[in-house]
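Worksheet: the structure to be examined is printed underneath.
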Amino acid sequence: MQTYLVGGAVRDALLGLPVKERDWVVVGARPDDLTRDGYRLVGRDFPVFLHPTTHEEYALARTERKTGPGYRGFETRHSPDVTLEEDLKRRDLTINAMARDADGALIDPYGGARDLEARLLRHVSEAFAEDPVRILRVARFAARFAPLGFRVAPETLALMRGMVAAGEAAALVPERVWQETAKALAEAAPAAFLAVLRDCGALAVVFPELDRLYGVPQPPLWHPEVDTGVHVGLVLEAAARLTPLARVRFAALVHDLGKGTTPPAEWPKHVGHEERGARLIAALAERLRVPNDFRELAVLVARHHGLCHRALELRSSTVLDLLEHCDALRRPERFGEFLLACEADMLGRAGFEDRAYPQGEYLRTALAAAQAVQLEATERAGLDGAAIGARLREKRLDALQALRPAR
């Protein structure tokens, strides 16, 4: 029985990145050999064990054979005669198909170290095409490593396009699409995830609402980049600069879905796209099982980002309406996330990247002023619930009126 450190831990150490978790492959062993030594079996589809003290994952070396469509259509074989090279060959990318032995020697049968140097995301073998989840994983790795100069190898991109054409991307289940998307949104360059999916054709399959934005024009005065799809990519880049929160980045990504349903005769204007976008987000969230907190924030941003951009021009009553519609008084943290997504929308335009966004600061101040308003006991005397609410609103309007920016 021999044990090897594999995958991401080897890759990240070679890149000089922190190693967050370590995975191991065991060659020449049976399940009983590990359980006898105190390892705990946790794998559902194939034997994976937790080390009795470190709790790191140890998997028996295995091979896979395609037996049906989709990512579950595999037959897995594990036995003591499966070699390390056979186990590594079933992995997705060469940079993830390296190992180190007990002495620390690098085992790299498929050129992973070379591709690290060349900054290439390259598939290990043609078996890559058997698992459609790998399309999403490559796009996610692009989102992680794009800042280091990584790109998808041309032959791997061609293979991904062939998989999409063969219908493999259509076999992806919603849970896996969202799982990989959520991870990609938390990476350093989430816009690269979007770009790779579009480049291989998978975006039209898994996110048709986003794909149809490309080629849809916007008024050049406010959108020098013109193309709505290009704008969405720029907004996602801006959101990544503003916050690490995947929830805000998702809201930024989908905020303009409604523009994809504007009749071409109305271009480049998009009257009513906010409400149409909110409905599309709700449908997308239902399809992909998107968590409620992601969905709720995204709907708020889609519905109200236009008002946020005009905050300095709004009447005090409209500002208060916005705060109330966003439930900002009860959920100020979420309102702060709303403002970040709206700021990303403004900065995600060609030439707007370094502009200030005073609307955000004004609305934060407005929220603080509205929160500070209270009714004394004497003011409540003789009033019922509705009357108390009306009086409180009057005082909040007075507080917001005092904040009105000079014109």
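Here, each number is a calculation from the coordinates, and none is a lab measurement. The shown structure was predicted, so the numbers you read here are calculated from the model rather than taken from an experiment. FYI the Cβ positions are ideal-geometry reconstructions off the backbone, even for glycines, and counts take in every protein chain you see.
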message = Please give me the summed charge of the neighbours of Leu136: other residues whose Cβ is under 14 Å from its Cβ, Lys and Arg +1, Asp and Glu -1.
response = 0
ask   = Going by Cβ distance under 4.7 Å, what cysteines of the chain have no possible disulfide partner?
value = Cys200, Cys326
task = With no solvent and one equal point scatterer placed on each C-alpha of the stretch 294-407, evaluate the Debye formula and give log10 I(q)/I(0) for q = 0.10, 0.14, 0.15, 0.24 Å⁻¹, two decimals.
result = -0.33, -0.61, -0.68, -1.36
inquiry  = Suppose the chain between Leu148 and Thr365 were pulled fully straight at 0.36 nm per residue; how much longer would it get relative to their current alpha carbon spacing?
reply    = 74.2 nm
inquiry  = To make sure I understand, if each residue's beta carbon is the centre and we count other beta carbons within 10 Å, what order do Val319, Val226 fall in, fewest to most?
reply    = Val226, Val319
key: Estimated dipole of the chain in Debye, rounded to 20 [Cβ of Lys and Arg +1, of Asp and Glu -1, Cα centre]   = 760 debye
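Would you mind counting up the charge near Leu280? Only other residues with Cβ under 12 Å from its Cβ, with Lys and Arg at +1 and Asp and Glu at -1.
+2
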message = At most 16 other C-beta atoms within 10 Å and a DSSP loop state: those are the exposed GluC sites (Glu not before Pro) I care about. Give me the longest piece of the chain that has none.
response = 57-352
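If we count every other residue with Cβ under 11 angstrom of Leu197's Cβ, Lys/Arg +1 and Asp/Glu -1, where does the sum land? Kindly include the intermediate steps, with their values, before the conclusion.
Values: positive: Arg140, Arg198; negative: Glu180, Asp199, Asp211.
Computed value for this residue: -1.
Do any trypsin sites (Lys or Arg not before Pro) in the stretch 207-282 lie in a DSSP loop with no more than 14 other beta carbon atoms within 10 Å, and if so, which?
Values: sites: Arg212, Arg241, Arg247, Arg249, Lys259, Lys269, Arg276, Arg279; in loops: Arg212, Lys269.
Here the trypsin sites (Lys or Arg not before Pro) that fit, given the DSSP loop and packing criteria, are Lys269.
Please find the FRET efficiency linking Asp327 to Arg40, where r is the Cβ-Cβ separation and R0 is fixed at 35 Å, and quote it to the nearest 0.05. Before the final figure, lay out each step's value.
Working: r = 45 Å, r/R0 = 1.27.
Computed FRET efficiency for Asp327 and Arg40 comes out at 0.20.
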note = For the stretch 31-36, in residue order, the Karplus 3J(HN,Hα) values (coefficients 6.51, -1.76, 1.60; θ = phi - 60°; whole Hz; Gly and Pro = x) are x, 4, 5, 7, 5, 5
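Taking the Cβ-Cβ separation of Asp23 and Ala204 as r and a Förster radius of 35 Å, what is the calculated FRET efficiency to the nearest 0.05?
Values: r = 34 Å, r/R0 = 0.96.
E(calc), rounded to 0.05, equals 0.55.
Would you mind calculating the gained length between Arg114 and Thr3 on full extension (0.36 nm times residue separation, minus the Cα-Cα distance), in nm to one decimal? Don't jump to the answer; show the numbers that get you there.
Details: separation 111, 0.36 × 111 = 39.96 nm, distance 2.39 nm.
Separation in residues times 0.36 nm, less the Cα-Cα distance, equals 37.6 nm.
Determine, for Val27, Val42, the number of other Cβ atoms within 10 Å of each Cβ, and report the residues in order from fewest to most. Show your work: numbers first, answer last.
Working: Val27 19, Val42 12.
The order, fewest Cβ neighbours first, is Val42, Val27.
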